[in-house]
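Worksheet for the structure shown next.
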Amino acid sequence: MAKKLYVGNLSFQVTEADLSELFAQVGAVDSVKIITDRDTGRSKGFAFVEMSDDSAAAQAISKFNGTDFNGRNLTVNEARPMEKPRFWIGRTFWRPRSWRTRQILVVLPRANIGSFNHDHAHTASGYVKT
């Protein structure tokens, strides 16, 4: 069964072929994907390597994690599933795919809620005491 590995702290000059050659030392590599910025096309400094064998993936983690590659110490771990964007009470929240921040109203405890002040509706302190 294939296992996906996270490879972080990469030099921006590293190519997918370089990573494939490096990880081929411990076992068969199914795929390599360097993550790039969608606007500039420049590497974000991390990649995902898919190994065909679980034992080869474990060996790659133990062999390459913390080792020097093109002047930087690699971080190699088993990849985790991507988390969904979180929404929280406060000044900002993240919108999926756009990563723009927006201000939202803070919900205060019921005892502190007075009348709503429309002059401050755009701020995080939209509820004021009367």
*Can you list the residues of region 11-30 with backbone N under 13 Å from a point 7 Å past the Cα of residue 55, pointing along Cα to Cβ?*
27-28
*asked:* Take residue 82 and residue 24, extend 7 Å from each Cα along the Cα→Cβ direction, and tell me the distance between the two endpoints in nm.
replied: 2.8
*How far apart, in nm, are the 7 Å Cα→Cβ label points at residue 48 and residue 31?*
0.7
*Shape of region 28-69 from its Cα gyration tensor (a ≥ b ≥ c, root eigenvalues): rounded if a/c is under 1.5, otherwise prolate when a/b > b/c, or oblate?*
oblate
*Taking a temperature of 10 °C and a viscosity of 1.306 mPa s, what whole-number D in µm²/s does Stokes-Einstein yield for region 3-78 with Rh from Kirkwood over alpha carbon pairs?*
130
*Simple spin-label model, 7 Å along Cα-to-Cβ: residue 75 to residue 12 in nm?*
1.8
_Taking θ = phi - 60°, what integer Hz values does the Karplus form 6.51 cos²θ - 1.76 cosθ + 1.60 yield along region 47-59, in sequence order, with x for Gly and Pro?_
8, 10, 10, 9, 9, 7, 10, 5, 5, 5, 5, 5, 5
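The numbers here are math on the coordinates, done by the rules we state, and not lab data. All values reported here derive from a predicted model rather than from experimental measurement. With ideal geometry, Cβ positions are generated from the backbone for all residues, glycine too; neighbour counts draw on all protein chains shown.
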